[in-house]
Amino acid sequence: MNRKTYQLRVTREGRWWIIDVPEIDYRTQARRLSEVEYMGRDLIATMEDVAADSFDVTMQIEKPADVAAQLEDAARLDREAQEATARAARDRRAAARRLREVYELSAIDTAAVLGVTRARVYQLLDDTEKASA
């Protein structure tokens with residue numbers, strides 16, 4: 001038997017969390033976010049005349065517009081940072097390869113020029129082989 005699922009759409013208004021339940025076209029409120037599910041279940045159970053544990057609920061918290069914009073900016077910056085990190089890693093690998101192949105430096109000299117350990121030079125060169133495979 002499938003249990004019915006109700007959606008709790010939660011918004012902040014002043015000092016209250018407003019809980020809209022579109023399936024029954026009613027709303028209630030809660031002081032704390034931790035009380036939202038209980039209050040939503042209580043409203044649904046009362047209006048539908050069923051037990052509060054006889055159905056499922058999902059909760060959708062609507063962020064204030066300014067906070068949503070900040071989070072979108074943060075996500076964009078995260079993506080840009082990941083792309084920049086990937087480009088930097090490619091450049092490091094290319095520099096290590098160039099020092100070894102074009103300038104024929106030893107691993108020790110390559111490490112000194114790059115400011116890394118000899119083991120890191122081998123990692124960079126190994127990453128180059130894996131990236132080209």
Inset, instruction - Sum up the charges of everything whose Cβ sits under 13 Å from the Cβ of residue 67, counting Lys and Arg as +1 and Asp and Glu as -1, but leave residue 67 out. - result: -2
Inset, instruction - Would you calculate the volume per residue, in Å³, of the smallest convex hull containing every Cα atom of the chain? - result: 211
Inset, instruction - Please check the chain for the longest run free of trypsin sites (Lys or Arg not before Pro) that are loop-located per DSSP (anything but H, G, I, E, B) and have at most 11 other Cβ atoms within 10 Å. - result: 33-133
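Give me the compactness ratio for segment 5-62, meaning the Cα radius of gyration over 2.2 N^0.38 Å.
1.01
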Legend entry - Value at 222 nm in deg cm²/dmol, rounded to 500, when DSSP H runs of n ≥ 4 in the chain each add -39,500 (n - 2.57): -18500 deg cm²/dmol
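What relative contact order, as a whole-number percentage, does the chain give when Cα pairs under 8 Å and 6 or more residues apart are counted?
On the way: 136 pairs, mean separation 23.6, N = 133.
So the answer I get is 18 percent.
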Inset, instruction - Under 14 Å from the Cβ of residue 45, count the other residues' Cβ atoms, weight Lys and Arg +1, Asp and Glu -1, and hand me the total. - result: -4
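None of the figures in this text is laboratory data; all of them are computed from the coordinates on show. Since the structure is predicted, the reported quantities are computational estimates derived from the model, not experimental observations. Methodologically, a virtual Cβ is constructed for each residue, glycine included, from the backbone with ideal geometry; neighbour enumeration extends over all protein chains shown.
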